[in-house]
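Trainee: I have a structure I would like to understand better, so I am pasting it below and will then ask my questions one at a time.
The values are calculated or read from the model by the stated rules, or taken from the named source; none is laboratory data. Remember, it's a predicted structure, so these values are computed and weren't measured experimentally. Cβ placement follows ideal geometry from the backbone for every residue including glycine, while neighbour counts extend to all protein chains displayed. Remember, those area values only see protein heavy atoms, side chains included, never the ligands or the DNA or RNA. Shrake-Rupley method; radii C 1.70, N 1.55, O 1.52, S 1.80 Å.
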Amino acid sequence: MAATVREYKEELKYLNKLSDNCWQIKKGFVDNMKVEGRFYVDSKLEKLMFEELQQACRSKGVGGFLPAVKQIANVAALPGITGYSIGLPDIHSGYGFAIGNMAAFDMSNPEAVVSPGGVGFDINCGVRLLRTNLTEKDVKPVKEQLAQSLFDHIPVGVGSKGVIPMGAKELEEALEMGMDWSLREGYAWAEDKEHCEEYGRMLQADPNKVSARAKKRGLPQLGTLGAGNHYAEIQVVDEIYNDHAAKKMGIDRKGQVCLMIHSGSRGLGHQVATDALVQMEKAMKRDKIQVNDRQLACARIHSQEGQDYLKAMAAAANYAWVNRSSMTFLTRQAFAKQFNTTPDDLDMHVIYDVSHNIAKVEEHMVDGVQKTLLVHRKGSTRAFPPHHPLIPVDYQMTGQPVLIGGTMGTCSYVLTGTETGMAATYGTTCHGAGRAWSRAKSRRNLDYQTVLKNLHDLGISIRVASPKLVMEEAPESYKDVTSVVNTCHDVGISKKVLKLRPIAVIKG
Amino acid sequence: MFKRKLQALNNPQSDFNVNDENCWRNLVEWLEDQKIRFYKIEDRADLRNKSSTQWPKAFVKYIQDLQCPLDGSDRLAVCDWILGHAIRLEFGEKAQMFKGEVAAPQSPSGPVAEDPFASIDVSSPDVKAGLVSLCSLLNIPRHVDPIVTLEAIALLIKDRLSEDAQEGEFEEGVEVDLSEYEAGFDAKDPVLNDAGRILRLLHINELRDLQTKINETIVAVQTLTANPKTDQRLGKVGR
């Protein structure tokens, strides 16, 4: 179906500012919209959104990704969507769904769909935060050694291979068991599972639904970080906004050292998504499902293809948790070696582990009625409020921790979920900075040596597998993470607890 | 809830509603006339005049005369006490008759012997009187069910007064500002909201204990299954 091409001025008529930080996308902005769209931006991010739309109007919709606002609206046209199609402040164009888009589908509606584009290719890409009892003072003198040691322990980059021996049988078990596999084999601590979204295991996972090709790609990559925006960072607590919540996370002072690991399901998740898209195109023809954008390939949730995808996605999600657990194990070893002690004595506990790219069956209130929804979160994070039964006992009073990774050289944040967010966005908030420039534009406009020098000037040690690509991940290529986080805080869909500042980075 | 006590006293009612004013006054009169017989017949006039507005006053005087430790404001508690008192008197009079009917001897072995509380008959008046004085000593409220009262006393002693608790008290005892905690609902009454917060904290405390036990179990299993290995030769850094 061809997208309607209109003048920029015409397009603006469908967009309405509801409050300081919230915009409405009216029905009719694209064809077949079942519900309205919403997006949350502050004035700075708003400008980026509208520039992107203006650009697309000028090029008459030819070439490149659709602008994020159009993508939000196209998702609002999918069968069975409920509430709104919601864009978070870090939203930017992606495959089918924009990255930073949340959409929930009513499980009781037989027409409702699941779409791999709504999860993303890096299934269960996520962030894990570990704390230590060290302070910046302890770490600063050995910062370079630590960065090198992490780089030596955690293989990074495209085509990297992990140091944890895995056979085909172990992989099958890991896909089924998720973090329970890591626990059984001794790579994880019992407390790690407690502080992980979904307790590190999606029970509906079925390794038989994961293709041989996907498994072959995943087998050697376990315990590797990957490339792109993935990283492991040594960070220090820069600011505490909420003492009570911070204390619950084991953070009691500025300067305390933490570790952030941002990674996903590597080639395995990518292959699962690719395989599903092929299957779903067939299912769409059979069930006569109409979508506005070919990239929004989807299948009815209760169809064979829909169920197969959800089971394979769950297996890929389990792989990602095993992957982050393995890297946690390697990180603990690296630190223990450097400080000649044990990870226990360094108090290297997992604060929390969040998923950015995932679809989950959840219970929500829709117009005062409890409903079972399939919530797609792509480039967005679950943020459940205090007292929600699915969050760990330690965070029952504070709400679920939400880990917002910045980009190389910028700050990261820890937020908590709120009741407001539960009602407004089905318990969803932003996930990071979000790209402002395409990778190609970053490569054209930035010089990698300048980027590395800037980081050095900020006092950040860096180890990187492919330095010539660092400009893709330079702070200039991204939206301002502080703007993104403040927007979420001001709208009330999550609240700030901590700000973290990087002192060493390793990446692909 | 007083079925068995009424039965023990051969009261014709199988059970009764303590909040029904008529039933309540009838029961008190019946107990005094038939079982307790504390006043001389001519002194019972005030208590027998059940339709009088002065009856509650007469009743308060009556329980004071009976040396009831309660003030009469809690009807359930006072009803329980007065029934228990009547049964004690009844038993005292007919002790000879009951002598032959000793319950089957309890075996001293098994869990019964290990748990000293298992052999306590909480409905016995002596135990109840003991509980009442313990409660006033420890300054905690009484519950109609003596077992609940007993549990509350046991908890207080275990958590606050035992040697272990006294040693640990210095680490604990963090002062909590309730307003920092969200109850998760608004009962439109600050006192109820605070009560809600306290219940939340108590519940979380129990959940924490459960989660700790789960973690301990996982660790116990790990000692059998865990054998993490790494092989640096497998590692390869990408580009």
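Trainee: Looking at the range B:199-239 only, could you name the residues that are assigned to a helix (DSSP H, G or I), surrounded by fewer than 14 Cβ atoms within 10 Å (Cβ to Cβ) and modelled with pLDDT under 90?
Mentor: B:GLN232, B:ARG233
Trainee: Also, quick follow-up: Any residue in the range B:139-156 that is part of a helix (DSSP H, G or I), exposed (fewer than 13 other Cβ atoms within 10 Å of the Cβ) and polar (S, T, N, Q)?
Mentor: Of all residues in the range B:139-156, those part of a helix (DSSP H, G or I) come to B:146-156.
In the following step, the residues that additionally are exposed (fewer than 13 other Cβ atoms within 10 Å of the Cβ) were identified as B:148, B:154-155.
Next, only the ones that are polar (S, T, N, Q) stay: none.
For the range B:139-156, residues part of a helix (DSSP H, G or I), exposed (fewer than 13 other Cβ atoms within 10 Å of the Cβ) and polar (S, T, N, Q): absent.
Trainee: Looking only at residues in the range A:281-303 that are over 15 Å from A:TYR95 (Cβ atoms) and without any contact (Cβ under 8 Å) to a residue 12 or more places away in the chain, which one is surrounded by the most Cβ atoms within 10 Å (Cβ to Cβ)? Talk me through it step by step, then tell me what you get.
Mentor: In the first step, residues of the range A:281-303 are kept if they are over 15 Å from A:TYR95 (Cβ atoms); the result is A:282-290, A:299-303.
Narrowing further to those that are without any contact (Cβ under 8 Å) to a residue 12 or more places away in the chain: A:285-286, A:288.
Details: A:LYS285: 9, A:ARG286: 11, A:LYS288: 6.
The extreme case among them is A:ARG286.
Trainee: Give the residues of the range A:38-66 that are without any contact (Cβ under 8 Å) to a residue 40 or more places away in the chain and closer than 16 Å to A:GLY28 by Cα, sorted by residue number.
Mentor: none
Trainee: Just need a number here: residues in the range A:368-384 that are in contact (Cβ under 8 Å) with a residue 40 or more places away in the chain, open to solvent by 10 Å² or more (accessible area, probe 1.4 Å) and small (Gly, Ala, Ser).
Mentor: Of the residues in that region, 0 qualify.
Trainee: Determine whether the range A:82-89 contains at least one residue that is in a helix (DSSP H, G or I), open to solvent by less than 10 Å² (accessible area, probe 1.4 Å) and among the aliphatic types (A, V, I, L, M). It would help to see each step written out before you state the result.
Mentor: First, the residues of the range A:82-89 that are in a helix (DSSP H, G or I): none.
No: zero hits.
Trainee: Taking A:GLU36 as the residue in question, decide whether it is open to solvent by 30 Å² or more (accessible area, probe 1.4 Å), at pLDDT 90 or above and charged (D, E, K, R). Working first, answer last.
Mentor: Working: open to solvent by 30 Å² or more (accessible area, probe 1.4 Å): yes; at pLDDT 90 or above: yes; charged (D, E, K, R): yes.
So A:GLU36 passes the test.
Trainee: Let me confirm something: among A:THR416, A:THR398, which residue is in contact with a strand residue (DSSP E or B) (Cβ under 9 Å, 6 or more places away or on another chain), of a type in the set (Ser, Thr, Tyr), part of a strand (DSSP E or B) and within 13 Å of another protein chain (Cβ to nearest Cβ)?
Mentor: Among A:THR416, A:THR398, only A:THR416 is in contact with a strand residue (DSSP E or B) (Cβ under 9 Å, 6 or more places away or on another chain), of a type in the set (Ser, Thr, Tyr), part of a strand (DSSP E or B) and within 13 Å of another protein chain (Cβ to nearest Cβ).
Trainee: Determine if the range B:4-19 includes at least one residue that is of a type in the set (Lys, Arg) and surrounded by fewer than 18 Cβ atoms within 10 Å (Cβ to Cβ). It would help to see each step written out before you state the result.
Mentor: First, the residues of the range B:4-19 that are of a type in the set (Lys, Arg): B:4-5.
Now narrow it down to the ones that are surrounded by fewer than 18 Cβ atoms within 10 Å (Cβ to Cβ): B:4.
There is at least one residue in the range B:4-19 that is of a type in the set (Lys, Arg) and surrounded by fewer than 18 Cβ atoms within 10 Å (Cβ to Cβ).
Trainee: Please indicate, with yes or no, whether at least one residue in the range A:50-66 is open to solvent by less than 20 Å² (accessible area, probe 1.4 Å), out of contact with any Lys or Arg (no Cβ under 8 Å at 6 or more places or on another chain) and of a type outside the set (S, T, N, Q).
Mentor: No.
Trainee: Output the helices (runs of 4 or more DSSP H) that fall wholly within the range A:123-177 and possess 3 or more residues being within 9 Å of chain B (Cβ to nearest Cβ), or say none. Before you say what the answer is, go through the steps one by one.
Mentor: Numbers: elements: A:136-139, A:143-153, A:168-177.
Fully inside the range A:123-177 and qualifying: A:143-153.
Trainee: Being within 23 Å of A:PRO343 (Cβ to Cβ) and either more than 11 Å from chain B (Cβ to nearest Cβ) or at pLDDT below 95 (or both): is that true of A:MET202 here? Give the derivation first.
Mentor: Working: within 23 Å of A:PRO343 (Cβ to Cβ): no; either more than 11 Å from chain B (Cβ to nearest Cβ) or at pLDDT below 95 (or both): yes.
The answer is no for A:MET202.
Trainee: Give me the residue from the range B:191-239 that is in contact with a helix residue (DSSP H, G or I) (Cβ under 8 Å, 6 or more places away or on another chain) and closer than 18 Å to B:VAL176 by Cα and, out of that set, farthest from the other protein chains (Cβ to nearest Cβ).
Mentor: B:ASP194
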